[in-house]
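S.K.: The structure under discussion is supplied below as structure tokens; questions concerning it will follow.
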Amino acid sequence: MNKITVIFMYEEVLYERLTPEALETRRKRAPIAYLPLGTLEWHGPHLPLGSDHLQSQGFFIKLAQRVGGVVLPPLFIGPDSRKDVDDFEYYGMDILQKASSQPMQLIGSAYWISDRLFSEIIDAVFKQVHRAGFRIMVAHGHGPSNDYIIDNKTDLEQKHGLRIFTIWRGKEE
């Protein structure tokens, strides 16, 4: 009987799993940082709460392995629309589902932050990414977070000395 040996080659690209030497090597080879944007919100009973960032992170891992660069830890918080109804606050997917006969609300989802705070967090992350020697930032995930990046792209690029891109959804199309 023949024995088949399967070896999986996996090139580590997740920032938090890299050694300082590996991070420096990857950055020198391709100064690209990928930032998965995602909130923790309900998209339906069949999907995990982290669907926004999980999709982006999975795509970015494959992209970084093929093109180069490093995948940053995801941001699990972000801006979203808010509506007050009957003395109760609804955010994001909660708003869309309020009138549904099969509500998909997860009241108390721990994900929403103000636009101002999100802006401050993005500024801090982009500043540190540039300081670390990266020159290209690719950010994608949660719709309103992605839209913030698109709406402020020129200012963010000038302020932080980065080329900034988003992926496949939003106002750039």
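The values are calculated or read from the model by the stated rules, or taken from the named source; none is laboratory data. Model, not experiment: these values are computed from the prediction. Counting neighbours? That spans all protein chains shown, and the Cβs are built from the backbone with ideal geometry, glycine included.
S.K.: What number of residues within the range 120-165 are closer than 21 Å to residue 58 by Cβ and in contact with a Gly (Cβ under 7 Å, 6 or more places away or on another chain)?
M.R.: Adding up the residues that qualify gives 5.
S.K.: Okay, next question. What are the pairs with Cβ atoms under 6 angstrom where one residue, in the range 145-160, is in a helix (DSSP H, G or I) and the other, located anywhere, is among the β-branched types (Val, Ile, Thr) and modelled with pLDDT under 95? Sequence gap at least six, or different chains.
M.R.: 146/166; 149/166; 150/166
S.K.: Have a look at 41, 11, 16 and point out the one that is of a type in the set (D, E, K, R) and surrounded by 20 or more Cβ atoms within 10 Å (Cβ to Cβ). Quick ask: steps written out before the conclusion?
M.R.: Numbers: 11 fails: surrounded by 20 or more Cβ atoms within 10 Å (Cβ to Cβ); 16 fails: surrounded by 20 or more Cβ atoms within 10 Å (Cβ to Cβ).
That would be 41, the only listed residue that is of a type in the set (D, E, K, R) and surrounded by 20 or more Cβ atoms within 10 Å (Cβ to Cβ).
S.K.: Follow-up. Would you check which residues across the range 49-91 are of a type in the set (A, V, I, L, M) and over 22 Å from residue 21 (Cα atoms) and list them?
M.R.: Correct list: 49, 54, 75, 77, 85.
S.K.: Need pairs with beta-carbon distance below 8 Å; first residue in contact (Cβ under 8 Å) with a residue 40 or more places away in the chain and within the range 57-83, second among the polar types (S, T, N, Q) and in a loop (DSSP other than H, G, I, E, B); sequence gap 6+ or separate chains.
M.R.: 77/39; 78/39; 79/114; 80/39
S.K.: Taking the options 54, 35, name whichever one is closer than 28 Å to residue 77 by Cβ, surrounded by fewer than 17 Cβ atoms within 10 Å (Cβ to Cβ) and in contact with a Pro (Cβ under 8 Å, 6 or more places away or on another chain).
M.R.: On the way: 35 fails: surrounded by fewer than 17 Cβ atoms within 10 Å (Cβ to Cβ).
Checking each option against the conditions leaves just 54.
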